[in-house]
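The values are calculated or read from the model by the stated rules, or taken from the named source; none is laboratory data. Fair warning: this is a prediction, and the values are worked out from it, not measured in the lab. As a convention, Cβ positions derive from the backbone with ideal geometry for all residues, glycine included, and neighbour counts pool all protein chains shown.
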Ligand code: COA
């Protein structure tokens, strides 16, 4: 598919999505949101895609936030609608049944930090910087950031970042558990793809169930332990479980089909 604001490339079943507005540090405007919404549908529907990476174009930024130029003149209802649309799209990323990983290659501020947190985990380059600077504008995050930041780094650390608007470097982000790994800028995509090649070799339905059950921890309407029992049981109805057990007993590598 073609997108106005995204570059995409599919290689070894991994879709790399590059947000492509480097002259505006890849800020999230309406068009980027529309494209992100459509690319999630592509990930869900295309069986060739086993997982995806989201990154930013250029050497400076992953995403430097929501596009501030679209904020002027919004009334309260319009602002709420904007937040709802952003939340809905980011929730689709978080709930996607295929892994979507953020490769954070520079500034991940405001909506950029929120986008990275909606991804299943984050790998960052040494020059990455994270922050929720909305308070500098008299704002708070609106795309799930107040919730996911607390989930990922704890309430005290999250409130310090939210209330101060401070940026943190990757060393601090790693210490807080916001990023899993730190790489050089040159090796960021290669290392992210290498992690995904391991994940892509596993049983896709089991991988999907990992995402679903982990997300249930933060979903008050779902009992995560009950869901785990159900998903554990569902695995026993798959061809891939039979293949996984046979391969183990026959001392060979399993070949999973996602069935
Ligand atoms: N929305 C709209 N445009 C943005 C943007 C955003 N969130 N972040 C950066 N840009 C634009 C700048 O306006 C500038 O455009 P111009 O060349 O037409 O003037 C361009 O991207 C480059 O940014 P610039 O500020 O010149 O780069 P810098 O290296 O001096 O500073 C940042 C980088 C990230 C510190 C700075 O751009 C910044 O503070 N951005 C806003 C971050 C933010 O508050 N995000 C949360 C929004 S809710």
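Any chance you could count how many residues in segment 21-59 are within 13 Å of the ligand (Cβ to nearest atom) and surrounded by 15 or more Cβ atoms within 10 Å (Cβ to Cβ)?
Number satisfying all stated conditions: 12.
Which residue out of 114, 126 is surrounded by fewer than 22 Cβ atoms within 10 Å (Cβ to Cβ) and either in contact with a strand residue (DSSP E or B) (Cβ under 9 Å, 6 or more places away or on another chain) or modelled with pLDDT of 95 or more (or both)?
One residue alone meets the criteria, 126.
Within segment 93-110, does at least one residue satisfy the condition of being within 21 Å of residue 25 (Cβ to Cβ) and surrounded by fewer than 16 Cβ atoms within 10 Å (Cβ to Cβ)?
no
Look at residue 90 and say whether it is touching a residue at least 24 places away in the same chain (Cβ under 8 Å) and in contact with a strand residue (DSSP E or B) (Cβ under 7 Å, 6 or more places away or on another chain).
no
Rundown of residues vs (1) touching a residue at least 24 places away in the same chain (Cβ under 8 Å); (2) crowded, with 23+ Cβ neighbours inside 10 Å; (3) within 15 Å of the ligand (Cβ to nearest atom); (4) under 20 Å from residue 140 (Cβ atoms), yes/no style:
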| site | (1), (2), (3), (4) |
| --- | --- |
| 61 | yes, yes, yes, no |
| 65 | yes, yes, yes, yes |
| 72 | no, no, yes, yes |
| 84 | no, no, no, yes |
